[in-house]
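Notes for the one structure printed next.
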């Protein structure tokens, strides 16, 4: 387990000695082979199909990872994010107005998850008529990294990635046969940097994983940020008076309560971390939450500081080749919907009947070894004078 900020950076930037093959299954699960020798890179690749999610971007290494990231970069261009922000603004306006009119809302299931699901669907170009199917599949599925190992079968017919995968395969095959002027056509017909054409299943795996992973972490970020807005004295009034502070809020919340608690690496060669010898075959848990509260890096690390210096240096989105590709989208979508809440609600509070009084809150978190996020957050909303 690696908890130091410098040590995490050391590992995240060392793609030669560390593989991401166990990023999805975690450090506790056994390897599907017995490592032998000082260099097991070839053994990892020979056994890749035996690893949970071995064919997903988060577990890729080297050229395969670089090629898939090149495809993904087409989605996160500034022009595409600006177009997506228009949808984000309109949709969040509708959700927040309804919630404020009702005097309150359960944030996570009623707003957070549907909101981010629809945003990523819009970015990917999922047809409007199919978006509810995706929303229902994600709602019915387990959290990533569920502590119930029976729920981590990514091949089960009811798993959201499998449900969405069938639809995405239809999209890809249709767009290859009948290209249109949309994002899905661009992805379906994209080329790798060397000019070769990806297999259709590669595009399907890439898009479904982005859909599944991106929506859950962003939804949890909204809930985690709202908790600080409510319980930090005077914070919501300060943000309401100056919404330009919301990005700073999000970065500090990402440091203190990042949606991803940890990620993992497998040492594929004899190496070192912080001067400690690490033999090939060692499973390494990178504790993002620990590094983001490392007292050697952050002054008063457990305190919430809105204007903390160099806050963007936190590791909530990772670093290096596997830095979160969806980080720009997460920052935009959560910022925009928080702006709407602060605009339309003169006061935001937790429902004390559900969560207890300020200073003695009762909060439940998702049972996951990957995700850090509330399973529910009941709000009371006072309409603004406008």
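The values are calculated or read from the model by the stated rules, or taken from the named source; none is laboratory data. What you are looking at is a predicted structure, and each value in this text was computed from that prediction instead of being measured. Quick reminder, even Gly has a Cβ in these numbers, built from the backbone with ideal geometry, and neighbours come from all protein chains shown.
Annotations
- Residue selected from region 219-243 under the condition in a helix (DSSP H, G or I) and free of Cβ contacts under 8 Å to residues at least 24 places away in the same chain, by the criterion surrounded by the fewest Cβ atoms within 10 Å (Cβ to Cβ): 241
- Subset of region 312-325 [surrounded by fewer than 18 Cβ atoms within 10 Å (Cβ to Cβ) and farther than 21 Å from residue 57 by Cα]: 312, 313
- Extreme residue, surrounded by the most Cβ atoms within 10 Å (Cβ to Cβ), among residues of region 137-175 that are over 20 Å from the mean Cα position of the chain (by Cα) and modelled with pLDDT under 70: 156
- Given (1) closer than 23 Å to residue 276 by Cβ; (2) in contact (Cβ under 8 Å) with a residue 60 or more places away in the chain; (3) surrounded by fewer than 22 Cβ atoms within 10 Å (Cβ to Cβ); (4) under 26 Å from the mean Cα position of the chain (by Cα), number of the condition residue 53 does not satisfy: (1)
- Residue that is nearest to the chain's Cα centre (by Cα), among those in region 106-126 that are touching a residue at least 40 places away in the same chain (Cβ under 8 Å) and surrounded by fewer than 23 Cβ atoms within 10 Å (Cβ to Cβ): 113
- Qualifying position, being out of contact with any strand residue (DSSP E or B) (no Cβ under 8 Å at 6 or more places or on another chain) and either in a loop (DSSP other than H, G, I, E, B) or closer than 22 Å to residue 286 by Cβ (or both), among 84, 15: 15
- None of 337, 348 is more than 30 Å from residue 6 (Cβ to Cβ) and part of a helix (DSSP H, G or I) except 337.
- Within the option set 37, 54, 26, being assigned to a loop (DSSP other than H, G, I, E, B) and farther than 29 Å from residue 207 by Cα holds for one residue only, 37.
- Tally, over region 351-379, of residues that are outside any loop (DSSP other than H, G, I, E, B) and either under 26 Å from the mean Cα position of the chain (by Cα) or closer than 17 Å to residue 228 by Cβ (or both): 7
- The single condition from (1) within 21 Å of the chain's Cα centre (by Cα); (2) under 17 Å from residue 65 (Cα atoms) that residue 211 fails is (2).
- Here region 354-385 is the region considered, the condition is being at negative phi and without any contact (Cβ under 8 Å) to a residue 12 or more places away in the chain, and the residue that is surrounded by the most Cβ atoms within 10 Å (Cβ to Cβ) is 365.
- Filtered residues of region 128-139 (kept if in contact with a helix residue (DSSP H, G or I) (Cβ under 9 Å, 6 or more places away or on another chain) and free of Cβ contacts under 8 Å to residues at least 40 places away in the same chain): 128, 130, 131, 133, 135, 136, 137, 139
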